[in-house]
């Protein structure tokens, strides 16, 4: 007990929550992060964190409804027991964060204020100004700093995780990491390793994610044998500000307050937007969805904006795809009152006043629902067994995955304000599980054979050295390859996916991967060499990129963020009620058939020889809430829903006598 | 570019002068880069273009410039540097706007108050050390579920939230005339631990900086954080505490998050005055 | 002063740095700032007439032999403390108002520069008029280079003549620069002290305090310019007229017992006069004076 050590890789919300909980449980923690943990990507989350609460309870809300909203939003691809446990924990998580000093917005009476977010009817979301993620992260950062000054935690900031140390049985016994300043390669033996390294937005070149969200850490585990699940589920946010360095989020409220989306009818019209007369403007959302206009839901807005630029070639800008989000018809005073904060962000980064000139926006990759596969232990009641060593352990023994880089919680599509919750929850919840795992082991980190450590370090040192030596026959620039990768991925695997495009993209990415393996570095020095660090993470983006593409190609259906127009289920066409009912029955038969085939987690295993992922499919635990169709905007939705309910009741009635018999 | 013909004044190329340094203790030198002008550039993109270009203005092959960045949205605090003589975040430094002040060139330098690691990358560990000095945390009993925290009036949240937005970027201390650089070298044969201890010792005697003073005031205004009020005020009256402030008020003027640092400093001034008097008479 | 302090002194200083710097801040206001206001106002009274001024000086000098004690305890010692620590403080910072041209930052730089100018000026000023020590032999020896020129019982006329010493330009210039520097230093110091002690906290309160301190600075500037004009404008003819009045006041004062008789505090224009004055004092008396409270 006295001398147990866990390595936590990643210092975002999940990594910090895990670190502080483990430290409290008496474990020594080595926290490895490639940036000072206070600068982790969690700071970018704006909206808030969900839980059912005293107010919503009195309106009929409860933990189960939060759970239900989450799996419905995720199109039932979420694993239900972990999601249920998370929803049960949500109020406690917020209470804890409140105690840790997060300055949540308050009501006049001093209670935590709540707002409503997408995908629910209840005001579940607690928030701290427009920087909730930052505030939550800081509270955890402060606690870890406190534990650090007590000597329970050692931080290794500006250290890049390189790979796992595994013993002959395959058990994970520590990590190898590299000092990004001195380039020293070092081993960190441990009794268990927690990976909390977030998403992989940089696979798409530019996204709403921070520059270090390359997914390379998850990829390094994946290449070491960990399974990667649901890679193809990537959330795209409809409105972001396309910068040449990054895509910055533009809140949905701009459309909510009357913003109109349009493009010039003439491709790349060089006139200033204010000089383009109404007749030459194409308000495509209003024309295509007269009923909802600009307020169509997120996924539809995303698809249409994407379609207008990619397929119709009507992007406002020639070089950079974007459409206008126009607020200039609204009075300045009204804009300042309702949207002041977010308009200032636009002005700050674009140098253009959106009150005078329409904003240029485009959808942007925002979140990866998929991630490292990890196990869990279900209780009879349908939640998670607290303290079970298997909770969140990957298929590599002793390696845990939590936060955005796990895969259980968000299914095919993440609900707003649930990501912060899943990160903190998994960090806290897995603490006792890890402790129990360690206590069951006969060998600890101190017993690891030095030969095993040395060979793990040597493997990484060799990789590093050979990159520095370079391939004299090639002059591949890693930064340019990254741009190409981003372009391919953005075109083929974001909003609208087509099999022919995906096949082409797989080929291109395979070629790029080979080119990336022989990059030539302009900097071959041995001090703070960002060039070689970037090249390594670039090479490691490819296994993940391939999971995304292959997963998307093989998934011939529409589910959540994964949209393939060829496989969209049609609306009902019949006018005659009897015929219409028959169509509804058929529709639901198809729905069931499709679920049988595709309501499964995509599981990828990496084959290092062929440099390709191998996919298999795993059943999803949907035992608590029966999957039901999402029928938004579909003609005949009412009759399908009616038939669905009748069938569900019949099933229940049929099941009950059988059970009693 | 065609679409931006109305901005005909814009040059074809931008000259970027970067102060480079190969490592700690090495002689700094200037290098000039030339990159094609694009609309809506910020300094991050400029540095990315330089990395992709791989050569300087004379066509010589050059290492990519080393620098630090993270979110690119001005919430992580990583990308601080001195741009055209003024410290700021490079993600929100727009080239078009910078060229209004200096149309000839863009001058990028590392922060001057921290040891240079390489090029524009500096070692800011002293900033975080400052947060430890003032015990900038809430001393909760445990991370178990103990129910909700104390009720807090909106007024308190409105006072604390701005302070809580501090992202430890270092702008305030870079502009502060009272915060001076501490750069130590590891002696031959000195262990990493001994070197860290010696560094921390030096940091702990030097000015703690406006950001840490402000964090001390933030946690002293929290119902549970208050428990450490006395210890924080002791830290602020120890060597390198609040007394080192010279009231130049640059901190508040350069803070990218517009945190009312000088208000915190004045508050700390009052609190330390009363604390010291109380200690004088009570102990 | 701060470069090579001994090891023990460093630890003592470090341990009490907070308190020492608060004392530094306090001394700048009381007694130094307060004294400066009184001093300048007294001198400005010369504009009202030589009698007003001379009466005030008689009053200041009324403690007689206690005066040096008062001077050292309440002026010179605090001044030395404030000055030495001030120089050290200035050395701990690196002004950067060329790079960051904010008004408050310029004020910060000026506070340091005016402190330095003020320090040099005060040294010159004290040597020039007061002489530093009251011992007659000392005063006599520095009189030759134009120092120790002030004769309290001929306050107005000796002041006017002291300012004329040289070419009549050098001293007035030094005084103008020095006094305005110190006025700035006091007014701005008052403002920063308010923040240091936590009197004005919010930006709005600090802005109000700025206005008050600016107003204070303007009033003090007017007073100091009056004092300067009162000493600089009169010529030698005016000085002679003043001297006559002062002599008459002295004699009447001594006769009435209002002014302690003390020839050393009177002006002596020529070497013979000085010698004559010296002869008038017995040897024993002179020894006693230098030993105990010189020159009172």
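Please treat every number below as a calculation from the coordinates, not as lab data. Because the structure is a prediction, the values reported are computed rather than measured. Backbone-built Cβ (ideal geometry, glycine too); neighbour counts: all protein chains shown.
Odds and ends about this structure:
- Stretchable slack from residue A:257 to residue A:471, in nm (0.36 nm times residue separation minus alpha-carbon distance): 71.5 nm
- Selected from B:163, B:153, B:228 as most flexible by GNM, with chain B as the system and alpha-carbon contacts under 10 Å: B:153
- Chain C: most fluctuating residue of C:202, C:62, C:226 per GNM, C-alpha cutoff 10 Å: C:202
- Antiparallel bridges, percent of DSSP beta bridges restricted to chain A (to nearest 5): 75 percent
- Spin-label pair residue A:607/residue B:226, simplified geometry with 7 Å Cα→Cβ offset, distance in nm: 6.6 nm
- If you take the Cα centroid of the range B:209-283 and the Cα centroid of the range A:531-547, the two points sit 45 Å apart.
- FRET efficiency, residue A:507 to residue A:395 (Cβ-Cβ, R0 30 Å, nearest 0.05): 0.55
- With the simple spin-label model, which puts each label point 7 Å out from Cα in the Cβ direction, the residue C:62 to residue C:207 separation comes to 4.7 nm.
- Between residue A:451 and residue A:619, full extension at 0.36 nm per residue minus the direct alpha carbon distance yields a gain of 56.5 nm.
- Segment residue A:115-residue A:579, extension gain: residue separation times 0.36 nm, minus the distance between their alpha carbons: 162.7 nm
- Compactness of chain A is given as radius of gyration and Dmax, 25.1, 77 Å, from Cα positions.
- Summed over qualifying helices (DSSP H, 4 residues or more, each -39500 (n - 2.57)) and divided by its residue number, chain A shows a 222 nm mean residue ellipticity of -13000 deg cm²/dmol.
- The range A:587-647 versus the range A:407-425: alpha-carbon centroid distance in Å: 19 Å
- Paramagnetic label reach from residue C:84 (point 7 Å along Cα→Cβ; backbone nitrogen cut-off under 20 Å): within the range C:11-37, residues C:11-33.
- Beta bridges per DSSP with both ends in the protein assembly as shown, % antiparallel, nearest 5: 75 percent
- In units of the rule-of-thumb radius 2.2 N^0.38 Å, the range B:164-283 shows an alpha carbon radius of gyration of 1.17.
- Calculated FRET value between residue C:41 and residue B:112, using beta carbons and R₀ = 45 Å, to 0.05: 0.50
- Most fluctuating residue given options B:115, B:188, B:28, as computed from a GNM of chain B linking Cα atoms under 10 Å: B:188
- The simple Förster model, with R0 at 30 Å and r as the Cβ-Cβ distance, assigns residue A:436 and residue A:463 a FRET efficiency of 0.30.
- Value at 222 nm in deg cm²/dmol, rounded to 500, when DSSP H runs of n ≥ 4 in chain C each add -39,500 (n - 2.57): -22000 deg cm²/dmol
- Euclidean distance between Cα centres, the range A:227-261 to the range B:92-166, Å: 26 Å
- Separation of the residue A:517 and residue C:222 label points, Cα + 7 Å toward Cβ, nm: 8.7 nm
- Zone of residue A:443's modelled label, taken as backbone nitrogen in the range A:154-175 under 18 Å from a point 7 Å along Cα→Cβ: A:164-175
- Calculated mean residue ellipticity, 222 nm, chain B: -11000 deg cm²/dmol, from DSSP H runs (n ≥ 4) at -39500 (n - 2.57) each, averaged per residue and rounded to 500.
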